[in-house]
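The values are calculated or read from the model by the stated rules, or taken from the named source; none is laboratory data. Model, not experiment: these values are computed from the prediction. So basically every Cβ, Gly included, is an ideal-geometry build from the backbone, and we count neighbours across all protein chains shown. Protein only, heavy atoms only, side chains kept; ligands, DNA and RNA dropped before computing areas. Shrake-Rupley method; radii C 1.70, N 1.55, O 1.52, S 1.80 Å.
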Amino acid sequence: MATHTRYYTLRKDDLNSFIVKLSRDHKVVAPVSKGYGNFAFAEVTSSNDIVLKYIPTILPPKKYFFPQRETILTFSTGRGENAEAILEHEDTVIFGVHTCDLNGIQCLNIVFSERPRDYNYLGRKDKITIIGLECSEYCDKDASCNLMNSNFPNGGYDLFFTDLGDAFMVHVNTQAGEDLVENANLFKPASPEQMAALYSLRDAKRALFKNEVAVDRKDIPAIFDKSENSAVWQKAGEKCVGCGNCTNVCPTCYCFDIADTMNLDLKSGRRVRSWDSCQVEPFARVAGGENFRSGQAERLRHRYYRKFRYSLGKYYRFFCTGCGRCTRACMAGIRLKETLAELVKEAL
Amino acid sequence: MIKEELVNSNWRVRKGHIIRVKRMTPCEKLFEIELESGRALDYEPGQFVQVSVFGAGEAPISLCSSPTKRGSFELCVRAAGKLTNAMHALEAGDELGIRGPFGKGFPVKVLAGNDLIFVAGGLGIAPLRSLINYVIDNRREFGKVDILLGCRNPKEMLFADDLEFWQKRVDVNFSCTVDTGGPDWEGNIGLITSIIPGITINPERTFAVVVGPPVMYKFVISELLKKKIAERHIILSLERHMKCGMGKCGHCQIDSLDNYYCCQDGPVFSYDRIKNVAKM
């Protein structure tokens, strides 16, 4: 009988063999350094370029599920025009996904599987295998993952790696994960001592991670209920330049635009879906000229409500993972933790 | 990278043939469209479709015909953006793409058995016409029917044939007003709110259906509430840019704690559900 919870270990020295083997059959992507303290998920064929200790990548792994630009339809124009809905996908293993980003992918899975379904997203998701990687300490001061309950593994992966020094503890969550382990022939069952090491690492994390904003998570929706007309939005809105960086780097932002592009023959073309941002001025404008979110403060407020309030009613979860990317990417220095702290202070 | 056809994609369009184009004003044209499949578009008054002109893109357009009209459907289109300008260049015989219908239409089953006041401002007459003609085609099911129409000037008056038809009928009361008249104009001059007080209503059994630009709603609703019509008896259709129609792209989300997406939860709402929305 298969045991429900399976733990293996992989010696650190064997990580390279594992990645090399994986990359023979799949595209493997993992965090690599981009310099200046920045990291990005990029294709690897060995473990040489993989950075195991990294702060959240510039873009979250959502780019593999929901690319910045994707063709959803190809067409020919003129009389007798024809159109075909298409999906472009690639068998991919994402290695080294932090728990905050696993949480983000779980949020997007829910959005795109809600009817009417998005089969482009779902088709791509089916071709992706996810290997998580645990953070044993804070990545930096901008994270708020304890507040958002995403600093511990909570499903959403096939395999999950925890760095125990000279070896990785590997939790198997799916049959696809088990198959990777078996095919690699590098993993060994975890010993009781290694299990104890995992538990003590988790205990140390529980002592280290504290709510990054002084509020109980379950009180957040009620605070937002009271904050629609808060001066906090005006204040942050005056700083905000409406660049849309925060939405691009957000693991749970999924607003998009759709536009046609003609091919060079001018007889055929593509309908392309691309990332859009509710922070840019034309986002809620209609053809007649009316703009339903014309001020920057309204647009900024809208984004916060989508993370901390609206999603609770619709999907029963926060759409903030506490990864801190919006703060790091903000050109105007708007800090999510500060904004939340001000709202909390005002509401209490 | 593998590329495959996605047969279950919600982005697929159905081919439509334009069977008639009628210019109504310098800016608006009426398109009559038939699906290539020969099957009728199965829709409710107040719903919308996504219209594609390949190369120009896609845009949401209200259905302005009643589903009681069989076989084809009609769209009233103002040349206001990229897609609508491309549509204006099309003529009878041309093809376009259709997705939908989308959204929640007017609650015709709820309206049955009640008196109805239709209030249309400007282009709001287009979606409202789908319901007005539905009601006229099922006239016996409804009580007293008043139609109040407002627009900027007589030249911008849409659906002249329908207006004449409604005016002649004994079973509907039609009145219309313009902001500024012309030398030939013999009707009312003034805002649409000025003709609401003159209507006799029984608030217990009256529904008001209001469609117009956002600026009109506040004033019309306040007049209707003065007439003691209940908030949930005031039905509105909201305008947003519904890009995907599937409650995902985010463009049509309405700023309210209820988290409505205009494309799926609307575009038709009763006033009690959206009264806290700052900009309707």
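Results for (1) under 20 Å from A:Ala176 (Cβ atoms); (2) at pLDDT below 95; (3) not basic (Lys, Arg), shown as yes or no for each residue.
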{"site": "A:Asp25", "(1), (2), (3)": "yes, yes, yes"}
{"site": "A:Pro31", "(1), (2), (3)": "no, no, yes"}
{"site": "A:Phe65", "(1), (2), (3)": "yes, no, yes"}
{"site": "A:Leu73", "(1), (2), (3)": "no, no, yes"}
{"site": "A:Cys100", "(1), (2), (3)": "no, no, yes"}
{"site": "A:Val111", "(1), (2), (3)": "no, no, yes"}
Next item on the list: Only one of these is open to solvent by 30 Å² or more (accessible area, probe 1.4 Å) and either at the interface with another protein chain (Cβ under 7 Å from one of its Cβ atoms) or within 20 Å of the chain's Cα centre (by Cα) (or both): A:Asp260, A:Asp265, A:Asp276. Name it.
Entry: A:Asp276
Next item on the list: Could you pull out the residue among A:Ser17, A:Ser47 that is over 19 Å from A:Gly156 (Cα atoms), polar (S, T, N, Q), surrounded by fewer than 17 Cβ atoms within 10 Å (Cβ to Cβ) and in the same structural domain as A:Thr129 (by TED's automatic domain parsing)?
Entry: A:Ser17
Margin query: Looking at A:Arg11, A:Arg69, A:Arg6 in this structure, which one is of a type in the set (Lys, Arg), open to solvent by 30 Å² or more (accessible area, probe 1.4 Å) and farther than 25 Å from A:Asn173 by Cβ?
Written below: A:Arg69
Next item on the list: Looking only at the range B:59-70, decide whether some residue is within 14 Å of chain A (Cβ to nearest Cβ) and either open to solvent by less than 20 Å² (accessible area, probe 1.4 Å) or assigned to a loop (DSSP other than H, G, I, E, B) (or both).
Entry: yes
Item checked: Selection within the range B:192-221 - surrounded by fewer than 21 Cβ atoms within 10 Å (Cβ to Cβ) and over 23 Å from A:Gly288 (Cβ atoms) -> B:Ser194, B:Ile195, B:Pro197, B:Gly198, B:Ile199, B:Thr200, B:Ile201, B:Asn202, B:Pro203, B:Glu204, B:Arg205
Checklist line | Any chance A:Gly156 is over 23 Å from the mean Cα position of the chain (by Cα) and assigned to a loop (DSSP other than H, G, I, E, B) | finding: no
Next item on the list: Please list, ordered by first then second residue, the pairs with beta carbon atoms under 8 Å, 6 or more apart or interchain, first in the range B:156-184 and in the same structural domain as B:Phe118 (by TED's automatic domain parsing) and open to solvent by 70 Å² or more (accessible area, probe 1.4 Å), second in a helix (DSSP H, G or I) and not hydrophobic (A, V, I, L, M, F, W, C).
Entry: B:Asp184/B:Pro154
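Listed here are the residues, each with its yes/no results for (1) in contact (Cβ under 8 Å) with a residue 24 or more places away in the chain; (2) touching a Leu at 6+ places or on another chain (Cβ under 8 Å); (3) outside any helix (DSSP H, G or I).
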position: B:Phe207; (1), (2), (3): yes, yes, yes
position: B:Lys218; (1), (2), (3): yes, no, no
position: B:Leu225; (1), (2), (3): no, no, no
position: B:Ile229; (1), (2), (3): yes, no, yes
position: B:Arg240; (1), (2), (3): yes, no, yes
position: B:Gly247; (1), (2), (3): no, no, yes
position: B:Gly250; (1), (2), (3): no, no, yes
Checklist line | Scan of the range A:279-308 for residues that are open to solvent by 40 Å² or more (accessible area, probe 1.4 Å), in contact (Cβ under 8 Å) with a residue 24 or more places away in the chain and facing chain B (nearest Cβ under 8 Å), ordered by number | finding: A:Glu298
